[in-house]
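Accompanying notes for the structure given below.
Nothing in this text is a laboratory measurement; each read-out follows from the coordinates by a stated rule. These numbers were taken from a predicted model, which means no experiment stands behind them. In this analysis, Cβ positions are derived from the backbone assuming ideal geometry, glycine residues included, and neighbour counts consider all displayed protein chains.
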Amino acid sequence: MKNFTNFSLKLFLFLSFLVFLYAIYRAEIHYLGHDRSIVYAKYFKYIIVSIFFSLFFFLSIRLESQKKVYIVISVYSLLISLYIAELTLLYKFNYLPQKKNHIFFEEKNRNLEIKYIKKIINLVKKETYPFIGFDSGFFKDNQEIYPLGNLSDTNIHLCHETGQDVFYKSDRYGFRNTDNVWEKDEVDYLLIGDSFVHGFCVQESDTLSGLIKTKTNQNIINLGIGGYGPLSEYATFLEFAVEKKPKKVLWFFFEGNDLTKNLRYEKEINILMNYLNKNEIQNLKNYRDFLNNSMKKKIIENLSLKEIEIKKPINKNEKQPTVLIIENLLQNTKFLRLWALRTLIRNSFSRDGVDPLFEKILEKTNKIVKKWNGELYFIYLPEKKRYSNKFNFYVSGENFRNKKDVQKIVKNLNIKFIDTDKKVFSKFENPLELFDIHYNEKGYSLIVDEILKVN
């Protein structure tokens with residue numbers, strides 16, 4: 001019994017140290033480049049708890065036998081209880097990922113990528129350019145110009161997500177509109193958002209703006225650009241929307257990354273922050289030719305580098321990078337890490353708050369729109385994981401992606417809130433039938449129907 005007790009305490013010490021290493025890895029490597037204050041707000045508690053238990057079990061080894069027995073029995077009882085609860089959640093929601101053959105998928109993806117790059121190179125030769133997002137500015141006379149929108153007055157290859165190529169001709173400012181919309185004296189609807197508003201990956205008639213146009217026969221401007229978050233959207237609003245004074249501004253919010261990846265990155269860009277803090281615009285309309293030439297040059301450079309990269313053969317004997325091995329391991333150890341139980345506790349008792357910048361962006365947008373007696377509508381767009389992972393849908397519910405907090409902010413600002421999760425997707429027995437990678441034609445159409453009910 002004595003040997004078993006000592007072995008158990010050493011095992012607990014080792015596991016506590018593993019938790020410490022896990023927390024450090026996630027904070028310093030997995031989330032490298034993210035806002036450190038936000039990252040450590042999430043993982044600091046794991047670091048402290050793991051250090052505490054490491055010290056506790058280390059000191060416990062030196063205690064008298066009877067006390068060590070009590071500690072071991074207590075810890076095993078607690079662990080058994082926790083894993084019974086986790087097993088129950090696993091059985092109920094089956095949250096574990098499906099295993100994939102790494103080499104098979106890498107070869108398949110490489111072959112598809114080679115085919116895609118060759119196709120894009122041929123398109124560029126014919127003056128049709130792929131849509132890519134730009135995350136840095138271009139310098140003109142020692143002044144940095146940060147692009148909003150994309151290539152203007154250009155044939156764009158947008159995407160190929162569903163096996164069908166989607167092309168469009170961009171307008172004078174690089175958005176997915178017919179150019180003559182900018183000549184209209186009145187704009188009835190102006191749409192702001194990311195790739196969903198941009199129209200990934202459907203033809204023009206099935207985009208949100210195209211559907212509203214068809215169903216209302218009114219003037220629509222679409223300022224959606226793939227990859228944008230709230231700060232880029234606000235900057236785009238100031239640059240291109242204000243002078244048109246649209247009657248209705250539809251702000252589309254995607255729960256998947258607007259408050260996480262996108263806003264966290266955007267607030268590190270000084271030019272974007274100047275829009276919010278100084279109301280300082282760049283007058284991008286004056287730099288159309290410069291930006292077009294700079295972006296086309298950048299695209300061609302990227303394609304050349306990509307062409308060189310994909311020509312390198314896959315070495316099947318080459319070891320996977322350590323970081324990739326760790327990531328795959330973590331994905332397949334959710335059960336051991338009590339993922340569901342921790343998520344349930346976090347959603348029940350404590351959640352990451354919404355960045356205050358988000359509320360400031362919406363508040364300022366709403367005030368500006370009200371100055372010309374316009375109306376601002378906030379459309380909440382759910383992500384696929386909300387429905388593909390049953391745990392997110394049934395357990396996290398309104399707490400998933402801080403939905404409840406976002407809704408509270410919007411309503412406190414007296415902005416009309418259109419909840420497409422509740423009003424559209426959750427009404428389906430299988431909401432996934434409205435998705436491809438983005439939404440499909442049916443999904444976009446039902447969203448527009450819900451918007452027009454409110455309008």
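Could you line up V197, V406 from fewest to most neighbouring Cβ atoms inside 10 Å? Please report the intermediate quantities before stating the final value.
On the way: V197 27, V406 21.
The fewest-first ordering by Cβ neighbours comes to V406, V197.
Lysine pair count for the range 2-93 with Cα-Cα distance under 22 Å and sequence separation of 8 or more or different chains is 5.
Over the range 2-93, the hull volume per residue, using the convex hull of the C-alpha atoms, is 109 Å³.
Nearest-5 percent of antiparallel DSSP beta bridges in the range 115-170?
Here the antiparallel bridges make up roughly 70 percent for the range 115-170.
Distance between the 7 Å Cα→Cβ label points at L336 and D449: 4.8 nm.
Here each label is just a point 7 Å from Cα along the line to Cβ, and for E64 and F17 those points are 2.9 nm apart. Measuring r between the beta carbons of S136 and K427 and using R0 = 56 Å, the FRET efficiency lands at 0.85.
Over the chain, DSSP H runs of length four or greater, each weighted -39,500 (n - 2.57), average out per residue to a 222 nm ellipticity of -16000 deg cm²/dmol. For N373 and K119, the FRET efficiency from 1/(1 + (r/R0)^6), where r spans their Cβ atoms and R0 equals 56 Å, is about 0.70.
Charge dipole of the chain (Cα centre as origin; +1 on each Lys and Arg Cβ, -1 on each Asp and Glu Cβ, all else neutral): 1520 debye, rounded to the nearest 20.
Looking at the chain, send over the antiparallel percent of its DSSP beta bridges, to the nearest 5. Mind showing how you got there, number by number?
On the way: 8 of 29 bridges.
Around 30 percent antiparallel, to the nearest 5.
Positive-end ranking of L190, M1, Y380 along the dipole of the chain, with charges on Cβ about the Cα centre, is headed by M1.
Please compute the length gained on full extension between E243 and Y40, using 0.36 nm multiplied by the number of residues separating them and subtracting their Cα-Cα distance.
Details: separation 203, 0.36 × 203 = 73.08 nm, distance 4.17 nm.
My answer for the length gained is 68.9 nm.
Label separation (R288 vs T178): 1.8 nm, computed from points 7 Å beyond Cα along the C-beta direction. Less than 5 angstrom separates the built amide H of I225 from those of G193, D194, H198, all sequence-distant by 5 or more or on a different chain.
Hey, for a label at N6 modelled as a point 7 Å past Cα toward Cβ, could you say which residues of the range 40-82 have their backbone N under 18 Å away? Residues passing the 18 Å test: 57-73. Under the membrane-span-like helix rule (DSSP H runs whose alpha carbons stretch at least 30 Å along the helix axis, mean Kyte-Doolittle hydropathy 0.0 or higher), the chain yields 2-25, 36-60, 65-93.
When both the range 129-176 and the range 268-285 are represented by their alpha-carbon centers, they are found 19 Å apart.
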